[in-house]
Amino acid sequence: MKKYIHYLTIAIISILFTGCTENDDEFFATESVTATNKIEVSASGNVLNVTCNFDRLLNHGSDFPLDLFLTSTSRKFFFNYSMQKRNTSGNWENYIPDNITASEGDNLLGSYISGIQELDALDTTYEYDTDITLNPGQYRVVIEPRIVSIGSQDAVTVIINTTTVGAVNNTLEFTVN
Amino acid sequence: MKRISCLLGLFLSISTFAQSNESTVTDTITSPIFSKKNEIKVDVLNLIGNGRLGISYERFLNKDFSVGISGLTFNKSSKKDGFLKDDTRTMIEYQVIPYVRYAMSKSATNLYYLEAFSNINGGQYKELKTLNNGVADYVIVTKKEYNDIALGAAIGYKLYFKESFVIDLTVGIGKNLFNSDSPSTVSRLGLNLGYRF
């Protein structure tokens, strides 16, 4: 009996390792392009406005624009940003807004905000426009200037490396009175 | 591939354990096993794990050396269908593996061996291709064919029972030499059940 357990152990381990060796050679279907100034932030009164709009046919310095939808087959892209608020001790602490309204696109809230751009009805522009209403205080918003297609498993994931208008080094500090 | 190294270590310990515990009365230099010079085997590991059919023939030249050839072909249809969507870059569709083996132990009924092999292999690989529809570029995933030849080494363990039937476990690795689009390495991993005659 011990002998058969011994053989069975060898067989099971071998089958497990066969699966591992078959997956060593990985392929990531990713196309990265650069297009500046696709994210914009501005603070006015007690409202922080964040927008991100870009054409489906994205000009990225090549002879022809890149068709984002044909490449990614995705109607949604996203980028992440986070907010911090200065506490009474003068230190920055993570801040999750509770009054956030998207007039275009959508938001996913966690420890950071995922701003989701959605392709419009004419299939021409990916759009995102969000207002965040804030209580008085000092705030800081930090943008990750990387826009990525969502749900491109069956096609090519597109990554747009961009810059942020209205923020220095992708960070905007402002005060709400 | 680091896992193969781990497996090699594990396998060596298992082999040593088996070697010290399974001597039988037939384990002598006069065993009738030595008079049988041919062996055919089916690779049950690749059949179950990868849906590949693998058949081997081995010819024993003397007590120390043998030569053989293995052929593996076919993939699971599910793997072929999902190839463009999964995260693997290459898919091996056939392998022809001529090899030479040297028996490390002189036992007739259980032994481990060293193997040098070449691996003639081919299949498909994926790459990104940029197309243009007259208005804009777009990028798609395409697949192409490749063929290559690898050289490598393996170790293995054989256990005979009833003087004719054999379990043969082989673990090794080879490096493809000529085609940059082929997998850089090919594993030599098989659990064969066979018959010696």
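The values are calculated or read from the model by the stated rules, or taken from the named source; none is laboratory data. As the structure is a prediction and not an experimental result, all values here were calculated from the model. Positions of Cβ are backbone-derived with ideal geometry, glycine not excepted, and every protein chain shown enters the neighbour counts.
Could you list, ordered by first residue, the pairs with Cβ atoms under 8 Å in which the first is in the range A:48-75 and free of Cβ contacts under 8 Å to residues at least 12 places away in the same chain and the second is aromatic (Phe, Trp, Tyr) and assigned to a strand (DSSP E or B), at least 6 apart or interchain? As it stands, the answer is A:Asp67/B:Tyr138; A:Leu70/B:Tyr138, since those pairs meet every condition given.
Scan the range B:21-42 and report the pairs whose first residue is modelled with pLDDT under 50 and whose second residue is not in a loop (DSSP other than H, G, I, E, B), with Cβ atoms within less than 7 Å and a gap of 6+ or a chain change. Here the result reads B:Glu22/B:Asn110, each pair linking the range B:21-42 to a residue that is not in a loop (DSSP other than H, G, I, E, B).
Could you tell me whether A:Phe77 is crowded, with 19+ Cβ neighbours inside 10 Å and away from every other protein chain (no Cβ under 14 Å)? Yes: the conditions hold for A:Phe77. Of all residues in the range A:144-159, those satisfying the criterion of being over 10 Å from the mean Cα position of the chain (by Cα) and either among the aromatic types (Phe, Trp, Tyr) or in a strand (DSSP E or B) (or both) are A:Thr157, A:Val158. Screening the range B:171-181 for residues that are within 17 Å of the chain's Cα centre (by Cα) and under 15 Å from B:Gln95 (Cα atoms) and picking the one that is nearest to the other protein chains (Cβ to nearest Cβ) gives B:Ile173. Scanning the range B:163-197 for residues that are farther than 17 Å from B:Tyr99 by Cβ and not in a loop (DSSP other than H, G, I, E, B) returns B:Phe165, B:Ile167, B:Leu193, B:Tyr195.
Taken over the range B:119-147, the criterion of being closer than 30 Å to B:Phe60 by Cβ and either buried (at least 19 other Cβ atoms within 10 Å of the Cβ) or of a type in the set (Asp, Glu) (or both) is satisfied by B:Asn119, B:Asn121.
Could you check the range B:112-151 and list, in sequence order, the residues that are of a type in the set (Gly, Ala, Ser) and under 28 Å from A:Asp154 (Cβ atoms)? If the condition is that a residue be of a type in the set (Gly, Ala, Ser) and under 28 Å from A:Asp154 (Cβ atoms), then B:Gly122, B:Gly123, B:Gly134, B:Ala136 are the ones that fit. On the basis of being buried (at least 16 other Cβ atoms within 10 Å of the Cβ) and modelled with pLDDT under 95, does A:Pro97 make the cut? Yes: the conditions hold for A:Pro97. Of the residues making up the range A:71-86, just one is touching a helix residue (DSSP H, G or I) at 6+ places or on another chain (Cβ under 9 Å) and either of a type in the set (A, V, I, L, M, F, W, C) or on the phi > 0 side of the Ramachandran plot (or both), namely A:Phe77.
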